[in-house]
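Each reported figure results from applying straightforward, stated rules to the coordinates on display, with no laboratory input. Everything numeric here is computed off the predicted structure, so don't read it as measured data. Because the Cβ atoms are built from the backbone with ideal geometry, glycine has one as well, and the counts that use them run over all protein chains shown.
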Amino acid sequence: MGEGEGLQTLTQEKYCSAQLVVAALNEERGIGPTLTEFLDSFDFPKVLVVDGHSVDRTVEIAKNLGAEIAFQEGIGKGNAIAKALQHIDLSVKYVVLTDADHTYPGEYVPEMIKILERNPQVGMVCGNRFSGEIESKAVRSSFYFGNKLLAFAHSLMNGISLRDPLTGLRVIRTKILQDWDVKSQGFDIEVELNRHVERKGYATVEVPIRYRQRIGEKKLRVKHGVTILKRILQETTL
């Protein structure tokens, strides 16, 4: 079998074993372009959108694009991921997480899955926003430096060295998520997931990605940085 033929087989047989999971709250402007782009970049047999009590057309648009909808009882991104774990298809090999605001391009998913296919010791591949191209209006200076400080604390206290530990674009082996008892309620969920993968004995790999200006209102605030730092501290004691 030639190299090209082998890659084609990998694409057809392996890449289809993935589920896309998107947490959304009032993202009627971003959810359509996000789902469309990811579906164009990759043949997902299943798409799950977890809605956090949207009062706009987010759910309607997602349904029209073929997504399954789950409604979270609580609030926050962590709560949404916990809800998603109740609905993911455990027969798929990988779970792809992304945000609903069109900031993360779907084009990187095939490359991220290739890394997992070729390296059984790797449990999660993350999109690194700070080693790739960042649109000029995508990141404020305060956001950039806040992320750098949290990344330093994350490496120092949790012992997991990632340049972008809070990225929203991730591909994870489904089996790693099966017994994950989520504790985070909000944007600290990424810190907990990083630690969970490490405890399972797997490595995390980062790939540089392009990061775009979000569509819609930004929800991340300074107060969320405090919550994330608290989670970093809590993970050092577990």
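The table that follows gives values for the structure above.
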read-out: Integer Hz, Karplus 6.51/-1.76/1.60 couplings in order for the stretch 170-184, x for Gly and Pro; value: 8, 10, 10, 5, 4, 4, 5, 8, 4, 10, 7, 9, 5, 10, 5
read-out: Whole-Hz ³J(HN,Hα) from phi, Karplus 6.51 cos²θ - 1.76 cosθ + 1.60, for the stretch 115-128, glycine and proline x; value: 4, 5, 5, 8, 10, x, 7, 8, x, 8, 10, 10, x, 8
read-out: The stretch 185-217: GluC sites (Glu not before Pro) falling in loop per DSSP and having at most 13 other Cβ within 10 Å; value: Glu217
read-out: For Ser54, residues with placed amide H under 5 Å, excluding near neighbours; value: Asn26
read-out: Whole-Hz ³J(HN,Hα) from phi, Karplus 6.51 cos²θ - 1.76 cosθ + 1.60, for the stretch 70-76, glycine and proline x; value: 10, 10, 7, 7, x, 10, x
read-out: Built amide H within the under 5 Å cut-off of Leu169, gap 5+; value: Gly127
